[in-house]
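The values are calculated or read from the model by the stated rules, or taken from the named source; none is laboratory data. Please read these numbers as outputs of a predicted model, since none were measured by experiment. Positions of Cβ are backbone-derived with ideal geometry, glycine not excepted, and every protein chain shown enters the neighbour counts. Remember, those area values only see protein heavy atoms, side chains included, never the ligands or the DNA or RNA. Shrake-Rupley method; radii C 1.70, N 1.55, O 1.52, S 1.80 Å.
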Amino acid sequence: MQAHPLRLGPGADLRAAIVAAVAEAAAGAGGGAGAGAAFVLQGIGSLSVAQLRYAGMPAATELRGDLEILTLAGSVSPDGAHLHMSVSDAQGRVSGGHVAAGCVVRTTAELLLALLPGHAFSREADPFSGYQELVVRALPPA
């Protein structure tokens, strides 16, 4: 596992920046098979806009205001990210769900990414869930 700490500044699209950072880190590590197999181990920070898809809902719900990221974790593969996050608003109410595009960093987002060079991640249709689910494959030693 290769740890990659990351700080995102104001205005960054949280999801897009994570996917780009994993791709860049994988390329810097030599790329190749399995490049982009990673996990977001944790994240904290603040957002001005959160786009969260709640369980069982077909579309994301937009939250606006001063929002604190309480937790952020998930997997990143070359063909997509699966991220979950909980945020609190200025009154301390907590919402959580699947991170959709359009989450905008307010002041900072501090993340720890873990690149897994010995693995290849992909997302493939799962007949039971009906979703593109993570498939993990171990790569043979180099």
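Structure values in brief
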quantity	calculated
The listed residue being more than 13 Å from the chain's Cα centre (by Cα), at pLDDT 90 or above, open to solvent by 20 Å² or more (accessible area, probe 1.4 Å) and of a type in the set (A, V, I, L, M, F, W, C), out of Ala33, Ala3	Ala3
Enumerated strands (runs of 3 or more DSSP E) restricted to the range 25-125, each holding at least 1 residues that are touching a helix residue (DSSP H, G or I) at 6+ places or on another chain (Cβ under 9 Å)	38-53, 61-77, 80-88, 94-99, 104-115
Test for Leu115: is it open to solvent by less than 50 Å² (accessible area, probe 1.4 Å) and closer than 16 Å to Ala20 by Cβ	yes
Some residue of the range 58-71 being among the aliphatic types (A, V, I, L, M), open to solvent by less than 70 Å² (accessible area, probe 1.4 Å) and closer than 21 Å to Leu6 by Cβ	yes
Among (1) within 17 Å of Leu116 (Cα to Cα); (2) at pLDDT 95 or above, the one test that Leu70 misses	(1)
Count of residues meeting criterion [more than 14 Å from Gly45 (Cα to Cα) and either open to solvent by 30 Å² or more (accessible area, probe 1.4 Å) or among the β-branched types (Val, Ile, Thr) (or both)] in the range 91-112	9
Pair list, Cβ < 8 Å and 6+ apart or interchain, from the range 119-142 residues that are surrounded by 12 or more Cβ atoms within 10 Å (Cβ to Cβ) to residues that are among the basic types (Lys, Arg)	His119/Arg137; Ala120/Arg137; Phe121/Arg137; Ser122/Arg137; Gln132/Arg123; Glu133/Arg123; Leu134/Arg123; Val135/Arg123
